[in-house]
Amino acid sequence: MNSKKGIAPVQVSCYVEPVVGLGHVLVLPLSSPPPCEGAMSRKLNTTIALDWIGGRKKMETGDVIRASSARLSSSNIWRNNPIEVFSRSSRGNEEDDEDALKWAALEKLPTYLRIQRGILTEAEGPTREIDIKSLGWIERRNLIERLVKIAEEDNEKFLLKLKERIDRVGLDLPTIEVRFDHLNIEAEAYVGGRALPTIFNFCANIFEGFLNFLHILPSRKKPLPILHDVSGIIKPRRMTLLLGPPSSGKTTLLLTLAGKLGKDLKFSGKVTYNGHGMEEFVPQRTSAYISQYDLHIGEMTVRETLSFSARCQGVGPRYEMLAELARREKSANIKPDPDLDLYMKAASLEGQETNVVTDYILKILGLEVCADTLVGDEMLRGISGGQKKREMMVGPARAFFMDEISTGLDSSTTFQIVNSLRQSIHILNGTAVISLLQPAPETYQLFDDITLLSDGQIIYQGPRENVLEFFEHMGFKCPERKGVADFLQEVTSKNDQEQYWADKDEPYIFVTVNEFAEAFQSFHIGRKLGDELATPFDKSKSHPAALTTKKYGVNTKQLLKACFWREYLLMKRNSFIYIFKMVQLFVAAFVTMTLFLRTEMHRNTVTDGGIYLGAMFFTMIMIMFNGFSELSMSIMKLPVFYKQRDLLFYPAWAYSLPTWILKIPITFLEVGVWVFMTYYVIGYDPNIERFLKQYFLLLCVNQMASALFRFIGALGRNIIVANTFGSFALLTVLVLGGFIISRDDVKKWWLWGYWFSPMMYGQNAIAVNEFLGKSWSHIPPNSNESLGVTFMKSRGLFPQAYWYWIGVGATIGYVFLFNFLFAVALKYLDPFGKPQSVLSEEALADKTAYKTGDSVELSSREKSFERGNESRRSTISSRTLSARVGSFSEASQTRKRGMILPFEPHSITFDEIRYAVDMPQVLLFTTLYIFVYLVNIINLHCKIIRK
């Protein structure tokens, strides 16, 4: 007791209740009831010092301890010296009390509001309550920095904290077990000379395909086995490495497990997720297939690419899980870590343009340095190929199938990516199958299970620790200084298998893939796998949120917002194209003004009307050609569209609608430049109504042309094919438009083309708008009709005034028709496949022999399964000689063993090699000559039009 100030500690039991909105604390004695039942009041043991200074009662609170998950005992407080208790009453305790009051106020909110708000703690400044959707870029970056400061060291700690919070309230994370049983996949291909890429074969294949479709002629394609009788289990919380030599069927297996197998392949067997067939859920959204090819939009940055992917895929079951987590924590009186709570809430709310998950992925994959760099492509400099490979799925999928993700990456980067995935899979109960080509030993050690595939058959599937044991059981041993992954991919090769033969006392006999697969069935790992496959998965153990049944991740409104956002962003990045088109129209309009100058344009005869009609025809050509750029721009984005369409990011119409709607304002500007520059200078009818009607008509024609070329691009799917069809379509439209060939001169069997030509309606409408004007209303001599009507009848045009609105209506109808066909083509057409490689009859016979050999030895497989784990010696003696590919005599066994090279090594030396090409001076003069020649051609063309 401090006798100088007369302060004596007094222990008082009371309730502490925060007064929301006032920033004060209401202290009630224990005898008083709480203000309301169920309030977030806590009974605290508080030391109150009373001091009478200047006739005023002063009350101080010392060493107030707040309870987070349980009530604290008061004995610890009173063991301290009273003076020390009051000396520790500092700013830190006041901030803790303020944080507790803010959290208590947050807990009073309903669950749906509580999930949208969090407590933001920053290094500078006080803590504050914040709306999750209003988190800025700097706040998200600081949040990720506090949670994961160094990705290699702190990522696992962060995931463990996240898992600990979920386990503390008894929530179970969804898990997915993938099973595939007796998979058989075949393709059909031409063999021998018919597989050669010749013009004759191309035409013959199309003709035979058409006859085969009509069931007139049987197909001459031969079945090519890719996977044969493949069975296995991909377990959750385990990393599975898929190994195999090239053309062994790894990509086909991953596509089959992810539900993305091509329609042109014949499939038999069964693939299940947690015992449910593929038809019971949406596998494209339940799992994520990551291809080995880089398909990205080069004009977007890395952050924008990942953000768009996250917006389209949504949050999955994360929102429902967080809501249940918040309810359980509130009932258990648990206060989570503020930063962790803020991250989980930000990751669970959909509809955000930028998500905190994107920043987290950029952090752990080492992409922060290039997050705001353009991805780039062949024509645009961007990030490196290795950085493109680090673009991972940021969606809610829990099963990952990754195909050759290490291509283009160094070993350290591959190790970092695989290690991050391993931590996520082990802690958050994910499922992953990763195919790697020659992984480094340290990367190989990160995996739990190994699946070895060769010639379409599984040779081994099981724990990594037992794979060498199996091959030692077969008589092959991995050298000490040899990587295990390289050994596994070479031990089945005809050229490399002999060097790994362990028993030198026995003659080496090549072991085929069939024999490896058969021996694995009798190996103890194979028998255990067979027993697990024989036991069906208990569907009652499947988590309700494990499998996704919705086709798209977010609702239609959010999908449209995301697609509109990306299209608008791409338009800004490609603004040079639109500016160039505007300048091009400006120059062409200026040339047209000087060519058809009104001082030399008369309205006296029918010939004068032909000159005006030529000017209008040239206007129509320029407006239509201005939309030709849509063809190439659409084709450039098609590969990315097909990838995201197959992953169910968005439907085809959600992609096509923004490309149409957002181009309309640009059409207003482009057409406005042309009409405002040329209308009065050329000398069209000086009537404001007819001026606006021509402007509106050209708007519709420009939109129709853009939609037409977008449709041709989606139909062609290749820049060469689309340009060919686009030029042909434009030529057909121009010829049958009514200017080059009059309606009266069109043959009867071509009249249907005249009526179907969009150019005809536009040409007739713009002619009616001009030639029915006041400037053409005078009646020439020897005629009872106006000059405008007389001229239109002479050129086969319809002279009635309502044909303007018929032309406008038809053009608008074509706008909707071509945009609709554009969306239909995007939905139902697939990209052109790769050209078939030349397949010889011998190679097909070898692959077929493997398959037929398996079918013959089915009974022996069952017998070997019953015999159990026999020695390899008895296994070798049971094989037939016909199944062996080669044998070696005892003399050949005495040769020096080592790497068998399929070629004879040679040495090449070179010294001081120089290579240079001088630029010929005549090239400059040739370029100037061509330029002058083109200018003369243009001038000659203009003179012909005027005549």
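Highest mean packing first, where packing is the average number of other Cβ atoms within 10 Å per residue, the peptides 403-411, 541-549 line up as 403-411, 541-549.
I'd like the FRET efficiency for Ile150 and Ile206, computed as 1/(1 + (r/R0)^6) with the beta carbon distance as r and R0 of 51 Å, rounded to 0.05. Calculated value: 0.30.
With the charge dipole of the stretch 556-828 set up from +1 on Lys and Arg Cβ and -1 on Asp and Glu Cβ about the Cα centre, the Cα lying farthest toward the positive end among the listed residues His778, Phe798, Val815 is that of Val815.
Once the chain from Leu109 to Asp646 is taken as fully extended at 0.36 nm per residue, the excess over their C-alpha distance is 189.2 nm. Of Leu597, Tyr568, Phe739, whose Cα points farthest to the positive end of the dipole of the stretch 556-828 (charges on the beta-carbon: +1 Lys, Arg; -1 Asp, Glu; origin at the Cα centre)? Positive-end residue among those listed: Tyr568.
Applying a 10 Å radius around every beta-carbon, put 413-425, 528-540, 134-146 in order of their mean neighbour count, most first.
Numbers: 413-425: 20.5, 528-540: 11.6, 134-146: 15.9.
So the peptides 413-425, 528-540, 134-146, ranked by packing, come out 413-425, 134-146, 528-540.
To put it simply, the accessible area of the stretch 556-828 at a 1.4 Å probe is 71 percent carbon and sulfur.
Say R0 is 30 Å: what FRET efficiency, to the nearest 0.05, do Met593 and Ile741 get from their beta-carbon distance? List each step's numbers first, then the result.
On the way: r = 28 Å, r/R0 = 0.94.
Here the calculated transfer efficiency is 0.60.
In the stretch 258-301, which trypsin sites (Lys or Arg not before Pro) are in a loop and have at most 16 other Cβ atoms within 10 Å, using DSSP for the loop call?
Working: sites: Lys260, Lys263, Lys266, Lys270, Arg285; in loops: Lys260, Lys263.
Answer by residue number: Lys260, Lys263.
Could you give the size of the charge dipole of the stretch 556-828 about its Cα centre, using +1 on the Cβ of each K and R and -1 on the Cβ of each D and E, expressed in debye and rounded to the nearest 20? It would help to have the intermediate numbers written out before the result.
On the way: 23 positive and 12 negative charges, 202 e Å.
Magnitude of the dipole: close to 980 debye.
Which of the residue pairs Lys551/Lys637; Lys102/Lys345; Lys581/Lys663; Lys345/Lys643; Lys235/Lys539; Lys221/Lys263 have a Cα-Cα distance greater than 19 Å in the structure shown? Lys551/Lys637; Lys345/Lys643, as the Cα separations exceed 19 Å there. Between the stretch 272-301 and the stretch 313-359, the alpha-carbon centres lie 24 Å apart.
Extension gain, Glu188 to Asp172, is 1.2 nm, computed as 0.36 nm per intervening residue step minus the present C-alpha separation.
I want to make sure I understand the PRE zone here: with the label point 7 angstrom from the Cα of Ser247 toward its beta carbon, which residues in the stretch 186-220 have backbone N atoms less than 20 Å away? Taking a point 7 Å out along Cα→Cβ of Ser247, the residues of the stretch 186-220 whose backbone N falls under 20 Å are 186-198. The stretch between Lys266 and Lys161, if pulled fully straight at 0.36 nm per residue, gains 33.2 nm over its current Cα-Cα span.
I need the peptides 322-333, 804-815 ranked by packing, meaning the mean over residues of other C-beta atoms within 10 angstrom, with the highest value on top. Each step should come with its number before you reach the end.
Working: 322-333: 15.7, 804-815: 18.8.
Packing order, densest peptide first, comes out as 804-815, 322-333.
For the stretch 556-828, the residue among Met624, Ala707, Leu647 whose Cα projects farthest onto the positive side of the dipole built from Cβ charges is Leu647. Taking amide H positions as modeled 1.01 Å from N, with prolines and chain starts lacking one, the residues under 5 Å from Ala288 and 5 or more places away or on another chain are Ala399, Phe400, Phe401.
Could you tell me the relative contact order of the stretch 413-479? Use alpha-carbon pairs under 8 Å, at least six residues apart, and round to a whole percent.
Details: 40 pairs, mean separation 13.9, N = 67.
With pairs under 8 Å counted, the relative contact order is 21 percent.
In the context of the full set of protein chains, the stretch 556-828 has a per residue accessible area of 44 Å² (1.4 Å probe). Using a cutoff of 8 angstrom between alpha carbon atoms and counting only pairs six or more residues apart, the relative contact order for the stretch 556-828 works out to 25 percent.
The values are calculated or read from the model by the stated rules, or taken from the named source; none is laboratory data. Computed from a predicted model, the values in this text were never measured in an experiment. A quick note on method: Cβ atoms are made from the backbone with ideal geometry, for glycine too, and the neighbour counts reach across all protein chains shown. With ligands, DNA and RNA removed, areas are computed over all heavy atoms of the protein, side chains included. Shrake-Rupley method; radii C 1.70, N 1.55, O 1.52, S 1.80 Å.
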